[in-house]
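Below is one structure, written out as C-alpha cells; the observations come after it.
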Amino acid sequence: MSQHVVITGANRGIGLQLAKIYKTAGAKVIAVVRRSSDELDELGVDVRTGFDVSHADDVARLRTELKNEHIDLLINNAGVFRNETLAEMNFDTINEQLSVNAVAPVRVTHALRDNFSKGAKVAMITSRMGSIADNGSGGYIGYRMSKAALNAASVSLAHELKAQDVAVGLIHPGFVQTEMVGYAGDIGPDVAAQRISERIDELNLNNSGGFWHANGETLPW
C-alpha cells in the first residue's frame, strides 16, 4: 500500500517541492491549498482548493472531505512571514501570524487525528526564529512569537499522540529562497524539501517532539 501524505500550503515553495518528492516516491499526495498553481496542477496529485487553514469552517470542511482517507504523514507547511519591531508595531500582523503559523497547524492536526494510521508522522514546518535562546537580534516579534507557540504546542502534541503511535517533528527548513522572504536565502526550496524529507524519515516515537534544522542540527529551545 502506498504512503498517504497530506501537505498544507503545497502550491509553491517548500510545500510544492515536498509534494514533488513524495509523488515521485510513489505516495498518494493530497495538497491542501487556498489556491492552486500551474506547477501544482501539473504534478498529478490530489489538489484540494479553497482551504484557508486559519479558518475553523474550512478545516471542519477538510475533515469531512478526508474522512475516509488514512494519513501516514501530515506536513503542516502553510505559513506567513511579517515583521514588527517595537518602533514599527502592527498588532494585526502579529495576530495574523499567530493564527496561521501557530493555531492553524494545531487545528489541522486536531481535525485529522482520527485519520492517522498506526506509525503515522506529523511534521511541523517551524523556524529557528521560534527559538528563544537563538534570538540575538530582536525584531520579527509576531513571527518569533508564532513559531515559539507552534513549538510549544507541538511538544504537547508529541506527548499526546504517542499513545496513538504517532510521532511529531519540528523542522526548520533553513533560510530558503521563497516568495515568503522575497527570494532571499541561501538554499533553494528543492534542497530544503529534500532535507526536510530526510528528517521526516528519521522521525520516530523515540525522538518525537524534537526540534531540528533540516540539515540535521538539533536546535535550542
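The values are calculated or read from the model by the stated rules, or taken from the named source; none is laboratory data. Being a predicted model, the structure only gives us computed values, none of them experimental. Please note: Cβ atoms are built from the backbone with ideal geometry, for glycine as well, and neighbour counts cover all protein chains shown.
Annotation for region 60-68: no member residue is outside any helix (DSSP H, G or I), in contact (Cβ under 8 Å) with a residue 12 or more places away in the chain and under 24 Å from PHE175 (Cβ atoms).
Which of the following residues is modelled with pLDDT under 95 and among the aromatic types (Phe, Trp, Tyr): PHE211, PHE116, PHE175?
Details: PHE211 fails: modelled with pLDDT under 95; PHE116 fails: modelled with pLDDT under 95.
It is PHE175.
Pairs linking a residue in region 183-211 that is within 14 Å of TYR22 (Cα to Cα) to a residue that is part of a loop (DSSP other than H, G, I, E, B) and among the polar types (S, T, N, Q), with Cβ atoms under 8 Å and 6 or more positions apart or on different chains, are ARG195/ASN215.
The set of residues in region 66-84 that are more than 17 Å from the chain's Cα centre (by Cα), within 19 Å of VAL29 (Cα to Cα) and surrounded by 13 or more Cβ atoms within 10 Å (Cβ to Cβ) comprises LEU66, GLU69, HIS70.
Evaluate the following for LEU161: is it among the hydrophobic types (A, V, I, L, M, F, W, C), touching a residue at least 40 places away in the same chain (Cβ under 8 Å) and over 23 Å from ALA133 (Cβ atoms)?
Details: among the hydrophobic types (A, V, I, L, M, F, W, C): yes; touching a residue at least 40 places away in the same chain (Cβ under 8 Å): yes; over 23 Å from ALA133 (Cβ atoms): yes.
When the stated conditions are applied, LEU161 passes them.
Among the residues making up region 105-129, a single one is surrounded by fewer than 18 Cβ atoms within 10 Å (Cβ to Cβ) and among the hydroxyl-bearing types (Ser, Thr, Tyr): SER117.
Within region 15-33, the set of residues being assigned to a loop (DSSP other than H, G, I, E, B) and more than 15 Å from the chain's Cα centre (by Cα) comprises ALA25, GLY26, ALA27. Does region 85-94 contain any residue that is surrounded by 14 or more Cβ atoms within 10 Å (Cβ to Cβ), among the hydrophobic types (A, V, I, L, M, F, W, C) and not in a loop (DSSP other than H, G, I, E, B)? Looking through region 85-94, at least one residue is surrounded by 14 or more Cβ atoms within 10 Å (Cβ to Cβ), among the hydrophobic types (A, V, I, L, M, F, W, C) and not in a loop (DSSP other than H, G, I, E, B).
How about region 191-221: which of its residues are under 18 Å from GLN3 (Cα atoms) and not charged (D, E, K, R)? Matches in region 191-221: ALA193, GLN194, ILE196, SER197, ILE200, LEU203, ASN204. When region 112-121 is filtered for residues that are in contact with a His (Cβ under 9 Å, 6 or more places away or on another chain) and assigned to a strand (DSSP E or B), the ones remaining, listed by number, are PHE116, SER117, ALA120.
So that you can scan it fast, the table gives a plain yes or no per residue for (1) in a helix (DSSP H, G or I); (2) of a type outside the set (Ser, Thr, Tyr); (3) closer than 24 Å to LEU205 by Cβ:
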{"residue": "ILE75", "(1), (2), (3)": "no, yes, yes"}
{"residue": "VAL80", "(1), (2), (3)": "no, yes, no"}
{"residue": "SER99", "(1), (2), (3)": "yes, no, no"}
{"residue": "ALA104", "(1), (2), (3)": "yes, yes, no"}
{"residue": "HIS110", "(1), (2), (3)": "yes, yes, yes"}
{"residue": "ALA123", "(1), (2), (3)": "no, yes, yes"}
{"residue": "ALA133", "(1), (2), (3)": "no, yes, no"}
{"residue": "GLY142", "(1), (2), (3)": "yes, yes, no"}
{"residue": "SER154", "(1), (2), (3)": "yes, no, yes"}
